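The values are calculated or read from the model by the stated rules, or taken from the named source; none is laboratory data. Not measured: the values here are computed from a predicted model. Cβ: placed from backbone, ideal geometry, glycine included. Neighbour counts: every protein chain shown.
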Amino acid sequence: MRSQPPAAKRIPTERAHHGDTVIDEYAWLRDRDDPETVAHLKAENEHTELETAELADLRRVLFEEIKNRTQETDLSVPVRKGGYWYYTRTVEGQQYGIHCRRAIQPGEVDPPMPADGRPLAGEEILLDGNVLAHGHEFFALGTLDVSPDGTRLAYSVDLAGDERFTLRVKDLTTGERYADEITDVFYGSAWCADGTALFYLTVDEAWRPYRVWRHEIGGAGPDILVHEEADERFWIDVGLSRSEKFIILDIHSKLTSEVWLIPADAPRTPARVVAPRRQGVEYSVEHHGHRLLILHNDGAEDFALGYTSVDTPGEWIPLIEHSPGTRLSGVDAFAEYVVVSLRKDGLTGLRVLPLAGDSEFDITFPEPLYTVGLDDNREYETSVLRLRYTSLNTPESVYDYHLTTRQLVLRRQKPVLGGFDPKDYEQHRDWATADDGTRVPISLICRRGTPRDGSAPAVLYGYGSYESSMDPWFSIPRLSLVDRGVVFAVAHIRGGGELGRRWYEEGKLLAKKNTFADFVACARHLVAEGWTSAGRLVARGGSAGGLLMGAAANLAPEAFTGIVAQVPFVDALNTILDPSLPLTVTEWEEWGNPLESGEVYEYMKSYTPYENVRDLPYPAILAVTNLNDTRVLFHEPAKWIARLRAVAPHGSYLLRTEMESGHGGRSGRYDAWHEEAFIMAWILRQLGLVEES
């Protein structure tokens, strides 16, 4: 028996821009401190729990499947740095990782790797997340940073999910914690060379990291402001170069970059700029001996690699010329090698540039669909490159690549228990055709022998923003869907970065609707090619992918039987109109500024999901959000669901709000598995794979 959904009260609130007056009846839901708002969210949770009560047994089954396929007591491949192997391990029954190190033994070259995931002999525990999280509903680390000499550990903790961290320092020689404690810091940190000073970031009221500070360990004086970014479009990252020669201040907006350096052995020296910012020019810097490597897009849409003098930065001398269609995405320097991360034809890749002898070469892999990238490479003086590799049916694998012999050595593939065999699955690359003729890639996985007659159920995942690429990845929870006959597909739509910078440019600003049209084209392609049918297709996306979900529901509600929108950015226009909200000003270069441009205002108004809810036969919708989210505020899905119920009352719309977590959802691994089991059970019901009670 179905329960009655809570009816959100309607309080007309006017918004006027560019001569347009809009009534927003649910603006009151923005106030998280209003008892009525909290009561409404709790009522929605109660309604969702009642509506999904018959799925309780299935949720338990799905949780157990995830748990039973996971090696709970496990250990990451140790990473070499200085005289230690660094690694993280997990213990059965414990929610969080334990961060450790062990001294390298004489003659030990290969990383020690016990098959059972047990601790290494002689282990030193740096930080136990389970101890720090004890008594708290949420726990997350913002930084975990060992000083270059290995004697101090900086770490920061968030216990609410709002991404405001408290920074502390531990003496690794004694195991004692220093009295130093700094509140309200952002992600990231950087040590100076001798470990006496630590650089960290703080945010402004709009959650923008804009100040870099220097903290003297054990010092009595106030921390020193090193750099402040006044332009609200820009934010700052801070880090230590792999060479450990420079503190790097990376300042960037969506379109423009500027990098400043501080000598790590002279941390009180004023920062100096590498190249002053120029609107539309992005660049990053990697120190490499006497030169600075510069990855940039100055006259190079898909980026080029150059270098300049480390002492007197000036002209960028070419190392890799721009090649349209080959997007250079990163550069990493080692004493005798440079490694460039790139993507071409929708696949990731790695290119090696030796300093002497051989010419540059690409590292090759056998699968037609895969994702490869650099893993944790902490040492500058090395000839071994640590890689991470995965595909839709290949569990996450860690390799050591020997640069001198070009030998690829598998160090570890993530165990998948319960008889998993990758040969039981097929992965495919299909291409949909959008309305404007653009070919859009789709990656998909299914059980081997899945029929192509439209009878199979399917899930279509999408994102399509910020040049973020949804490259093929392996998922243990996903097996619970695929093993029940579900086809899982990823739409590589415009707005992402899968096919280079132009792919991104064609899905942002005044071309944003291409993202939504591409996704719908992918859904229709899956049906046309017999992978599924519209009555057996669920769409899923989160954050900016949640915006995609809402827009696709308005654009083609008949294409889906269900939609899962996680932390969905569905009230985009109202958010981007409010500069006081987190991220708004920095987002104007992604979406446009509707405060200044009537054209942008009208364009955003024409696609933002909340503004475009109509009386349509919407598919069933599940929206999941988090009260402490600082990236996409909880009120966006709350307002969206309320408006859907008022305007299109014949649909099924559920809202679930986690009251103790942030943008990434529940923090403990078991809690996260329970959350995923809840979503998957709902999906299976929509796909007709659960008998209704």
Open item on the list: What's the number of the only condition in (1) modelled with pLDDT under 95; (2) touching a helix residue (DSSP H, G or I) at 6+ places or on another chain (Cβ under 9 Å); (3) of a type in the set (Gly, Ala, Ser) that Gly97 fails to meet?
Closed with: (1)
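Among the residues in the stretch 227-239, are any more than 30 Å from Ala300 (Cβ to Cβ) and either modelled with pLDDT of 95 or more or touching a helix residue (DSSP H, G or I) at 6+ places or on another chain (Cβ under 8 Å) (or both)? Steps first, answer last, please.
Residues of the stretch 227-239 that are more than 30 Å from Ala300 (Cβ to Cβ), as a first pass: 228.
From the residues that got through so far, the ones that are either modelled with pLDDT of 95 or more or touching a helix residue (DSSP H, G or I) at 6+ places or on another chain (Cβ under 8 Å) (or both) too are 228.
Yes, the conditions are met somewhere in the stretch 227-239.
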TODO: Just need a number here: residues in the stretch 450-467 that are closer than 18 Å to Trp503 by Cβ, in contact with a Phe, Trp or Tyr (Cβ under 9 Å, 6 or more places away or on another chain) and either part of a helix (DSSP H, G or I) or hydroxyl-bearing (Ser, Thr, Tyr) (or both).
DONE: 3
Task: Verdict on Pro263 being surrounded by fewer than 20 Cβ atoms within 10 Å (Cβ to Cβ) and either closer than 14 Å to Ser241 by Cα or of a type in the set (Phe, Trp, Tyr) (or both) - done: yes
- [ ] Can you tell me which residue within the stretch 56-78, out of those that are loosely packed, with under 14 Cβ neighbours inside 10 Å and not aliphatic (A, V, I, L, M), is farthest from Glu675 (Cα to Cα)?
- [x] Asn68
Open item on the list: Whether any residue in the stretch 47-55 is in contact with a strand residue (DSSP E or B) (Cβ under 7 Å, 6 or more places away or on another chain) and either closer than 30 Å to Glu124 by Cβ or surrounded by 16 or more Cβ atoms within 10 Å (Cβ to Cβ) (or both) is what I want to check.
Closed with: yes
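Of all residues being closer than 14 Å to His215 by Cα and either touching a residue at least 40 places away in the same chain (Cβ under 8 Å) or not hydroxyl-bearing (Ser, Thr, Tyr) (or both) in the stretch 157-169, which is surrounded by the fewest Cβ atoms within 10 Å (Cβ to Cβ)? Just the residue, please. Walk me through it before giving the result.
From the stretch 157-169, those closer than 14 Å to His215 by Cα are 166-169; that's our starting set.
With the extra rule that they be either touching a residue at least 40 places away in the same chain (Cβ under 8 Å) or not hydroxyl-bearing (Ser, Thr, Tyr) (or both), the set shrinks to 167-169.
Working: Leu167: 24, Arg168: 18, Val169: 23.
Of everything passing the filter in the stretch 157-169, Arg168 is surrounded by the fewest Cβ atoms within 10 Å (Cβ to Cβ).
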- [ ] Output the residues belonging to the stretch 172-198 that are part of a loop (DSSP other than H, G, I, E, B) and of a type outside the set (Ser, Thr, Tyr).
- [x] Leu172, Gly175, Glu176, Phe186, Gly188, Cys192, Ala193, Asp194, Gly195
Open item on the list: Just to verify a result, which residue in the stretch 104-153, among those that are loosely packed, with under 14 Cβ neighbours inside 10 Å and among the hydrophobic types (A, V, I, L, M, F, W, C), is farthest from Leu385 (Cα to Cα)?
Closed with: Val131
Open item on the list: I'm told Ser156 meets every condition in (1) assigned to a strand (DSSP E or B); (2) more than 22 Å from the chain's Cα centre (by Cα); (3) among the small types (Gly, Ala, Ser) except one. Can you identify the failing condition by its number?
Closed with: (2)
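When you look at Gly437, is it under 20 Å from Glu498 (Cα atoms), in a strand (DSSP E or B) and modelled with pLDDT of 95 or more, yes or no?
Numbers: under 20 Å from Glu498 (Cα atoms): yes; in a strand (DSSP E or B): no; modelled with pLDDT of 95 or more: yes.
In short, no.
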Open item on the list: Looking at Val38 and the list (1) free of Cβ contacts under 8 Å to residues at least 12 places away in the same chain; (2) surrounded by 15 or more Cβ atoms within 10 Å (Cβ to Cβ); (3) assigned to a loop (DSSP other than H, G, I, E, B), which single condition is not satisfied?
Closed with: (3)
Task: Failed item, numbered, when Thr433 is tested on (1) closer than 30 Å to Gln71 by Cα; (2) touching a residue at least 60 places away in the same chain (Cβ under 8 Å) - done: (1)
TODO: Tally the residues that are in a strand (DSSP E or B) and either in contact (Cβ under 8 Å) with a residue 60 or more places away in the chain or in contact with a Phe, Trp or Tyr (Cβ under 9 Å, 6 or more places away or on another chain) (or both), restricting the search to the stretch 68-100.
DONE: 11
Open item on the list: Just to be sure I understand, how many residues within the stretch 600-631 are outside any helix (DSSP H, G or I) and either of a type in the set (Asp, Glu) or touching a strand residue (DSSP E or B) at 6+ places or on another chain (Cβ under 9 Å) (or both)?
Closed with: 16
TODO: Within the stretch 84-102, work out how many residues are hydrophobic (A, V, I, L, M, F, W, C) and out of contact with any strand residue (DSSP E or B) (no Cβ under 6 Å at 6 or more places or on another chain).
DONE: 1
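Just to verify a result, which residue in the stretch 378-404, among those that are part of a loop (DSSP other than H, G, I, E, B) and touching a Ser or Thr at 6+ places or on another chain (Cβ under 9 Å), is farthest from Lys245 (Cα to Cα)?
First, the residues of the stretch 378-404 that are part of a loop (DSSP other than H, G, I, E, B): 378-383, 391-396, 403-404.
Then drop every residue that is not touching a Ser or Thr at 6+ places or on another chain (Cβ under 9 Å), which leaves 380, 383, 391-392, 396, 403-404.
Working: Tyr380: 11, Ser383: 20, Ser391: 36, Leu392: 39, Glu396: 32, Leu403: 23, Thr404: 25 Å.
My answer is Leu392.
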Open item on the list: So Trp640 passes all but one of these: (1) in a helix (DSSP H, G or I); (2) surrounded by fewer than 23 Cβ atoms within 10 Å (Cβ to Cβ). Which condition number does it fail?
Closed with: (2)
Task: Cβ-Cβ under 7 Å pairs, at least 6 apart or on other chains, the stretch 191-202 side closer than 15 Å to Asp180 by Cβ, far side among the hydroxyl-bearing types (Ser, Thr, Tyr) - done: Trp191/Ser147; Gly195/Ser147; Gly195/Thr151; Leu198/Ser189; Phe199/Ser189; Tyr200/Ser189
TODO: Name the strands (runs of 3 or more DSSP E) wholly inside the stretch 283-325 in which the number of residues that are surrounded by fewer than 18 Cβ atoms within 10 Å (Cβ to Cβ) is 2 or more.
DONE: 317-320
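Here is a yes/no grid of residues against (1) in contact with a Ser or Thr (Cβ under 8 Å, 6 or more places away or on another chain); (2) over 12 Å from Gly462 (Cβ atoms); (3) in contact (Cβ under 8 Å) with a residue 24 or more places away in the chain:
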position: Ala489; (1), (2), (3): yes, no, yes
position: Gly495; (1), (2), (3): yes, no, yes
position: Gly500; (1), (2), (3): yes, yes, yes
position: Lys512; (1), (2), (3): no, yes, yes
position: Phe516; (1), (2), (3): no, no, yes
position: Cys522; (1), (2), (3): no, no, yes
position: Ala528; (1), (2), (3): no, yes, no
position: Ala534; (1), (2), (3): yes, yes, yes
position: Ala552; (1), (2), (3): no, no, yes
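Is it the case that the stretch 581-594 has a residue that's under 16 Å from Val22 (Cβ atoms) and either basic (Lys, Arg) or surrounded by 22 or more Cβ atoms within 10 Å (Cβ to Cβ) (or both)? Spell out how you get there, then give the answer.
Filtering the stretch 581-594 down to residues under 16 Å from Val22 (Cβ atoms) leaves 594.
Going one step further and asking which of them are either basic (Lys, Arg) or surrounded by 22 or more Cβ atoms within 10 Å (Cβ to Cβ) (or both), we end up with 594.
Yes, the stretch 581-594 contains at least one residue that is under 16 Å from Val22 (Cβ atoms) and either basic (Lys, Arg) or surrounded by 22 or more Cβ atoms within 10 Å (Cβ to Cβ) (or both).
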Task: Lone unmet requirement of (1) crowded, with 16+ Cβ neighbours inside 10 Å; (2) modelled with pLDDT of 95 or more; (3) under 25 Å from Lys81 (Cβ atoms); (4) of a type in the set (A, V, I, L, M) for Leu403 - done: (2)
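From Leu350, Leu355, grab the single residue that is modelled with pLDDT under 95 and under 25 Å from His288 (Cβ atoms). Working first, answer last.
On the way: Leu350 fails: modelled with pLDDT under 95.
The unique qualifying residue is Leu355.
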Task: Of residues in the stretch 677-691 being at pLDDT 95 or above and among the β-branched types (Val, Ile, Thr), the one farthest from the chain's Cα centre (by Cα) - done: Ile683
Open item on the list: Of the conditions (1) in contact with a Leu (Cβ under 9 Å, 6 or more places away or on another chain); (2) under 21 Å from Asp237 (Cα atoms); (3) surrounded by 19 or more Cβ atoms within 10 Å (Cβ to Cβ), Ala275 satisfies every one except a single condition; which number is it?
Closed with: (1)
TODO: Note down all Cβ pairs under 9 Å where the first residue falls in the stretch 101-113 and is touching a residue at least 60 places away in the same chain (Cβ under 8 Å), the second is of a type in the set (Ser, Thr, Tyr), and they're at least six residues apart or on different chains.
DONE: Pro111/Tyr87
